Amino acid sequence: MKLREIQRDLEKFIDKEITLEGWIRQARFTKNVGFIELNDGTIFKNLQVVLSKDLDNFEELKKEHLSASLRVSGLLVKTNNAKQAFELQANKVIVLGHSDEKFPIQKQKQSLEYMRTIPHLRARTNTYRAVFRLRSKLAFALHNFFQERGFIYLNAPIITASDTEGAGEMFQVTTQNLEKPNLNDEGKVDYSKDFFGKKSYLTVSGQLEAEDFALAFSDIYTFGPTFRAEESNTPRHAAEFWMLEPEIAFADYNDCMDVAENMIRYMIDYVLKNCKDEITFFNEKIDDTLIERLEKVKDAKFARITYTDAIKKLKEANVDFEYPVEWGMDLQTEHERYLSEKIVDGPVFVTDYPKDIKAFYMRRNEDGKTVAAFDLLVPAVGELIGGSQREERYDELVKSMEDNGLNIDEYQNYLDLRRYGSVVHSGYGLGFERAVMYLTGMKNIRDVIQYPRTVKSFAS
Ligand code: 4AD
Ligand code: MG
């Protein structure tokens with residue numbers, strides 16, 4: 001049986017003979033008795049298995065190494081230990097698979113940096129087990145949130161031709177051998193000879209397709225992997241990350257921020273209720289302000305300030321930032337964190353950014369200088385969400401595309417949405433890994449995605 005069955009229905013199994021499998025997570029032996037912390041991964045906590053020297057293979061078991069796999073039969077009994085409500089008194093232990101002293105995670109406390117070099121094994125540690133269990137639950141919570149509200153789940157394509165964000169940070173996909181490519185008359189690579197007959201990339205965002213579907217279903221969301229070839233070697237940037245992108249028709253950016261705010265509260269509430277063991281662990285081992293921080297957000301109304309006000313407040317703060325504060329600049333992590341940690345002390349929406357630092361599709365405000373954009377900044381992480389109202393006016397959109405140097409021919413489908421029944425619509429993207437960081441207190445994106453791909457590195 002599995003540990004989760006016991007946890008779910010403890011009373012049914014107490015004082016009964018049971019058999020289960022798992023891996024040795026810790027072990028200590030005295031001459032006459034042994035204690036093995038066993039886990040099959042189906043719950044976060046380990047099960048303590050007590051071995052007496054009466055077992056035929058007691059001496060052999062002493063020699064087993066961490067991560068050996070066992071099948072144990074015995075009596076499940078209650079204990080007086082609050083942390084470990086039950087234990088298994090073994091009467092038979094079979095070794096299913098030996099491990100040895102070369103198992104790379106021997107010490108209790110190994111650095112996370114070291115763990116990143118062994119992504120295939122690190123999920124066997126408490127920290128990563130807690131992270132990936134919570135990550136799984138969080139994905140489910142997000143689907144729940146949108147499904148309960150009638151949103152349609154759309155799968156946006158991974159291979160695409162358009163640079164949604166216009167930042168030129170695309171991974172190109174090609175079937176040509178670039179050492180011996182087909183060349184055109186100008187001596188340039190001829191992508192019409194490619195598998196797709198044109199230049200193609202991995203998507204940076206599912207937004208443009210999300211808009212297509214929002215203008216058919218009203219309320220939709222995408223949730224999938226996205227890719228950025230940005231040279232940002234930071235604890236918050238990955239080249240491959242997951243993004244959840246709702247898109248809502250007949251909604252302006254204020255309506256959209258309301259959805260985002262409710263979604264964040266739902267996520268927090270969900271993990272506090274459904275990931276108790278993991279959250280307790282993170283609060284004890286990773287960030288002792290975590291629970292307090294999350295509890296506080298659960299009922300709070302999120303602050304909303306304009307970019308212009310944010311710049312004013314950052315200037316007034318008189319802090320010696322690495323990047324000096326000036327209207328027109330893109331906010332850096334240091335500014336984002338200062339705003340949400342010192343100025344607001346909680347999540348804050350910064351709205352109405354200068355048009356020149358934002359993407360072409362954002363709706364221009366009446367002032368001609370700013371766009372109806374919003375970012376949600378949160379303590380410890382910085383930017384968690386980026387979103388906007390979309391430019392729904394055909395002429396304005398064409399103008400913005402021209403200003404951004406886009407090839408309008410390539411965006412005719414996108415313009416169709418403005419030709420045939422255009423409506424006010426808005427959406428946003430939640431960085432899924434950043435959400436996991438926010439909810440666990442983990443400080444590096446490499447520790448919340450199973451196989452991190454970041455600038456210049458991935459281990460396997
Ligand atoms: O702000 P971004 O670039 O917005 C978009 O892509 C929009 N098209 C979304 C939309 O409106 N539908 O990205 C959205 C979020 C960011 O706020 C951040 O949380 C995350 O995605 N993100 C990254 N996460 C990890 N690594 C990276 N390199 C990231 N780039 C963005
Ligand atoms: Mg952004």
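No lab work stands behind these numbers, since they all come straight from the coordinates. Source: prediction; values computed, not measured. Heads up, the Cβs are rebuilt from the backbone with ideal geometry, glycines too, and the neighbour counts pull from every protein chain shown.
Which of the peptides 138-151, 380-393 is most tightly packed, and how do the rest follow, going by the mean number of other Cβ atoms within 10 Å of each residue?
Those peptides, ordered most packed to least, come out 380-393, 138-151.
What residues from the stretch 316-353 fall in the zone where the backbone N is under 20 Å from a label point 7 Å along the Cα-to-C-beta line of Glu295?
Within reach of a label on Glu295, which here means backbone N under 20 Å from a point 7 Å along Cα→Cβ, the stretch 316-353 contributes 345-347.
Can you give me the C-alpha center-to-center distance between the stretch 282-305 and the stretch 197-256, rounded to a whole angstrom?
If we compute the Cα centre of each part, the gap is 27 Å.
Please compute the length gained on full extension between Glu5 and Ser136, using 0.36 nm multiplied by the number of residues separating them and subtracting their Cα-Cα distance.
The span from Glu5 to Ser136 would gain 45.3 nm if fully extended.
Order these peptides, 363-369, 78-84, 215-221, by their mean beta-carbon neighbour count within 10 angstrom, highest first. The partial results should precede the final answer.
Values: 363-369: 13.7, 78-84: 9.4, 215-221: 19.4.
By packing density, highest mean first, the sequence is 215-221, 363-369, 78-84.
Give the residues of the stretch 323-337 whose amide nitrogen is closer than 16 Å to a point set 7 Å from the Cα of Lys443 in the direction of its Cβ.
334, 337
Past 25 Å, Cα to Cα: identify those pairs from Lys276/Lys443; Lys285/Lys313; Lys102/Lys456; Lys199/Lys443; Lys199/Lys369, in the order given.
In this structure, Lys285/Lys313; Lys102/Lys456; Lys199/Lys443; Lys199/Lys369 lie more than 25 Å apart at Cα.
Tell me the angle of helix 394-403 to the major Cα principal axis of the chain, expressed in degrees between 0 and 90 and rounded to the nearest ten.
80 degrees
Under the definition of Cα pairs under 8 Å and six or more residues apart, what whole-number percent is the relative contact order of the stretch 3-103? Present the calculation step by step, with values, prior to reporting the outcome.
On the way: 214 pairs, mean separation 28.8, N = 101.
Relative contact order comes out at 28 percent.
Quote the relative contact order of the stretch 328-380 in percent (integer), defining contacts as alpha-carbon pairs under 8 Å separated by 6+ residues. Could the numbers behind the result be given before it?
Working: 76 pairs, mean separation 22.6, N = 53.
Relative contact order comes out at 43 percent.
To the nearest 0.05, what FRET efficiency results for Gln332 and Asp288 with a Förster distance of 30 Å applied to their C-beta separation? Please list the in-between numbers first.
On the way: r = 27 Å, r/R0 = 0.90.
FRET efficiency, Gln332 to Asp288: 0.65.
Work out how much length Val33 to Tyr420 would gain on full extension: take 0.36 nm times their residue separation and subtract the Cα-Cα distance, in nm to one decimal.
Values: separation 387, 0.36 × 387 = 139.32 nm, distance 7.66 nm.
Full extension of this stretch gives 131.7 nm more.
Angle, helix 307-317 long axis vs. longest principal axis of the chain, Cα atoms, 0 to 90°, nearest 10?
Approximately 60 degrees, to the nearest 10.
Can you spot the aspartates and glutamates whose alpha carbon is less than 18 Å from Lys92's alpha carbon? Ignore those fewer than 8 places along the same chain.
Asp15, Glu17, Glu21, Glu37, Asp40, Asp54, Asp56, Glu59, Glu60, Glu64
Which residues among the stretch 328-347 fall inside the zone where the amide N is under 13 Å from a point 7 Å beyond the Cα of Asp309, along Cα→Cβ?
Answer for this model: 344.
Past 28 Å, Cα to Cα, is the threshold; run Lys12/Lys62; Lys342/Lys399; Lys83/Lys273; Lys188/Lys399 against it and keep the listed order.
Table pairs above 28 Å Cα-Cα are Lys12/Lys62; Lys342/Lys399; Lys188/Lys399.
Using only Cα atoms, tell me the angle between helix 207-217 and the longest principal axis of the chain; keep it within 0 to 90° and round to the nearest 10.
That works out to roughly 90 degrees.
Averaging over every viewing direction, what projected area does the convex hull of the Cα atoms of the stretch 3-103 cover, in nm²?
Quarter of the Cα hull surface area: 6.2 nm².
Can you tell me which of 403-415, 290-302, 35-47 comes out highest on packing, and rank the rest after it, using the mean Cβ neighbours within 10 Å? Could you put the intermediate results ahead of the total?
Numbers: 403-415: 12.5, 290-302: 14.9, 35-47: 18.7.
For the peptides 403-415, 290-302, 35-47, the packing ranking is 35-47, 290-302, 403-415.
DSSP beta bridges in the stretch 2-89, what fraction antiparallel, as a percent rounded to 5?
Counting DSSP beta bridges with both partners in the stretch 2-89, the antiparallel share is about 90 percent.
At a threshold of 8 angstrom on Cα-Cα distance, excluding pairs fewer than six apart, so keeping six or more, what relative contact order does the chain reach in percent?
Averaging sequence separation for qualifying contacts and normalising by length gives 14 percent for the chain.
Between Val436, Gly387, Phe349, whose Cα lies farthest towards the positive end of the dipole of the stretch 328-460 when Lys and Arg beta carbons carry +1 and Asp and Glu beta carbons carry -1, centred on the Cα centre?
My answer, from the dipole projection, is Val436.
Would you calculate, for the chain, the mean residue ellipticity at 222 nm contributed by helices, counting each DSSP H stretch of 4 or more residues as -39,500 (n - 2.57) and dividing by all residues, to the nearest 500? If you can, show how the numbers build up before the last one.
Numbers: 14 runs with 140 residues, N = 460.
One gets -9000 deg cm²/dmol as the mean residue ellipticity at 222 nm.
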